[in-house]
Amino acid sequence: MTDPQRYATVWKRMAPYMAARRNDIHLPLCFTWVQKLCDAYPDADRDICSLAIMLHDIGWYSIDNDRIMEEGFRSENYIQSDVRYLHEAEGVRMAREILSGTEWVHLTDPVCTIIDGHDTRTAPRDLNDRVVRDADKLWRYELAGLCVSAEWFQDDPKAYMTRITGFLRLFETDEGRAMAEAEMARTSQALMLHIL
């Protein structure tokens, strides 16, 4: 697993944008998942995947929170909502600014290629994209992620667990799906969902 300090310059530059939509929780948790997936898939480029997962959702900062919740999480077709496309476009713009002048500037294009469409594209482009897309899903199976996500969707924890059980089929990698199932069992146990 890569030490997050390796990307300290980027973390510091993106920090002001992490307050939106609980990205202060989402992005660090996703970073840990991308490291585990890169361990499982050594052909993935760890630097590209790490930077892409760190920056993939900073575009939410540019959008009003009420609009994010209503259109991006609670509307009938939330995955294809305008705010989903907007946060991806804004994320690309902001990622380019953040990476500019850093030791990672040479990875700007592959990182931004992943960010652009990470929620709305129907199929991944390559292994790096698959790893990032799975890390973006995995966080919601752990305790903190489930609680934050359930609130976004206005679900109680048990209802949200049922929802994300159906999402297991959407994982791009076998390891990602296995990690989600294991984490889901731990979270269900911690929240006493097997009893309640």
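Within the stretch 50-76, being surrounded by 17 or more Cβ atoms within 10 Å (Cβ to Cβ), not in a helix (DSSP H, G or I) and not aliphatic (A, V, I, L, M) holds for H56, D57, F73. Considering the stretch 153-182, the residues that are closer than 25 Å to R74 by Cβ and crowded, with 18+ Cβ neighbours inside 10 Å include one that is farthest from the chain's Cα centre (by Cα), namely P157. As a summary of the residue check, W11 satisfies the conditions (1) assigned to a helix (DSSP H, G or I); (2) out of contact with any Phe, Trp or Tyr (no Cβ under 8 Å at 6 or more places or on another chain); (3) surrounded by 18 or more Cβ atoms within 10 Å (Cβ to Cβ) except for the one numbered (3). Looking only at residues in the stretch 14-24 that are surrounded by 16 or more Cβ atoms within 10 Å (Cβ to Cβ) and hydrophobic (A, V, I, L, M, F, W, C), the one that is farthest from S50 (Cα to Cα) is A20.
Here are D43, D47: which of them is touching a residue at least 12 places away in the same chain (Cβ under 8 Å), of a type outside the set (K, R) and outside any helix (DSSP H, G or I)?
None of the others qualify; the one that does is D43.
If you filter the stretch 125-135 down to residues that are in a helix (DSSP H, G or I) and surrounded by fewer than 22 Cβ atoms within 10 Å (Cβ to Cβ), you find that the one that is nearest to the chain's Cα centre (by Cα) is R130.
Say we look at the stretch 136-152 and pick out the residues that are closer than 14 Å to L170 by Cα and either modelled with pLDDT under 95 or among the charged types (D, E, K, R) (or both); which of these is surrounded by the most Cβ atoms within 10 Å (Cβ to Cβ)? Per the stated criteria, the residue is R140.
So which of L55, L127, L86, L37 is of a type outside the set (K, R) and within 16 Å of R6 (Cα to Cα)?
Values: L127 fails: within 16 Å of R6 (Cα to Cα); L86 fails: within 16 Å of R6 (Cα to Cα); L37 fails: within 16 Å of R6 (Cα to Cα).
Criteria check complete, one pass: L55.
Here M192 qualifies as outside any helix (DSSP H, G or I), out of contact with any strand residue (DSSP E or B) (no Cβ under 7 Å at 6 or more places or on another chain) and either under 21 Å from D43 (Cβ atoms) or modelled with pLDDT under 95 (or both).
Criterion applied to T165, T122 was being more than 20 Å from M18 (Cβ to Cβ) and in a helix (DSSP H, G or I), and the one residue passing it is T165. Just one residue in the set I79, I115, I195 is surrounded by 13 or more Cβ atoms within 10 Å (Cβ to Cβ) and on the phi < 0 side of the Ramachandran plot; that residue is I115. I'd like to check something: does the stretch 15-35 contain any residue that is within 28 Å of Y160 (Cβ to Cβ), at pLDDT below 90, more than 17 Å from the chain's Cα centre (by Cα) and charged (D, E, K, R)? Looking through the stretch 15-35, none of the residues is within 28 Å of Y160 (Cβ to Cβ), at pLDDT below 90, more than 17 Å from the chain's Cα centre (by Cα) and charged (D, E, K, R).
The values are calculated or read from the model by the stated rules, or taken from the named source; none is laboratory data. Since the structure is predicted, the reported quantities are computational estimates derived from the model, not experimental observations. We place every Cβ from the backbone using ideal geometry, glycine too, and count neighbours over all the protein chains shown.
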